[in-house]
Amino acid sequence: MLEPKKVYYRIGEVAKMFNVKTSLIRYWEEEFDIIKPKKVQRRNRLFTQKDIDNFEIIYHLVKEKGMTIQGARNFIIKKKEQDSFEKLEVINTLKRTKQFLQDLKDLLGERRPKI
């Protein structure tokens with residue numbers, strides 16, 4: 001069955017999504033101003049889907065493209081200025097929508113009576 005999307009994700013969940021340590025998530029939070037988790041109780045971080053989309057962009061630039069932190073930061077700033085950054089966010093939203101529709105299709109396929 002489909003799980004409803006969460007509003008907030010804990011740091012451990014985010015680290016698991018990207019297969020990295022929580023210390024890297026905290027480091028990227030400090031280095032990139034596009035990551036703005038809600039902090040509750042004893043500095044527990046709660047990340048939104050937008051934060052995760054931004055982590056995906058940072059992960060791609062740093063881990064997959066091999067950019068330095070400063071290079072990724074400059075790239076993000078430049079893209080923000082060009083409004084191209086929003087296109088990356090749209091792409092991430094479309095990917096999630098596609099996955100949701102695929103999950104829904106699979107779920108409906110399981111419920112069909114077998115002939």
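The values are calculated or read from the model by the stated rules, or taken from the named source; none is laboratory data. Computed from a prediction, not measured in an experiment: that's the story for all the values here. No Cβ is skipped: glycine too gets one built from the backbone with ideal geometry, and neighbour counts run over all protein chains shown.
At-a-glance table
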item: One residue from I76, I35, I69, I58 being in contact with a strand residue (DSSP E or B) (Cβ under 9 Å, 6 or more places away or on another chain) and of a type in the set (V, I, T); result: I35
item: Selection count where residues are closer than 16 Å to D33 by Cα and of a type in the set (D, E), scope the stretch 57-88; result: 2
item: Residue, farthest from L88 (Cα to Cα), within the stretch 14-43, restricted to residues that are among the charged types (D, E, K, R) and in contact (Cβ under 8 Å) with a residue 24 or more places away in the chain; result: K38
item: Qualifying residue in the stretch 89-96 (condition: modelled with pLDDT under 85, closer than 22 Å to V7 by Cβ and not in a helix (DSSP H, G or I)); result: no
item: Residue satisfying condition, being in contact with a helix residue (DSSP H, G or I) (Cβ under 8 Å, 6 or more places away or on another chain), surrounded by 12 or more Cβ atoms within 10 Å (Cβ to Cβ) and at pLDDT 90 or above, within set F85, F55; result: F55
item: Positions within the stretch 17-48 being under 21 Å from K5 (Cα atoms) and either of a type in the set (A, V, I, L, M) or surrounded by fewer than 17 Cβ atoms within 10 Å (Cβ to Cβ) (or both), in sequence order; result: M17, F18, N19, I25, I35, K36, K38, K39, V40, N44, L46, T48
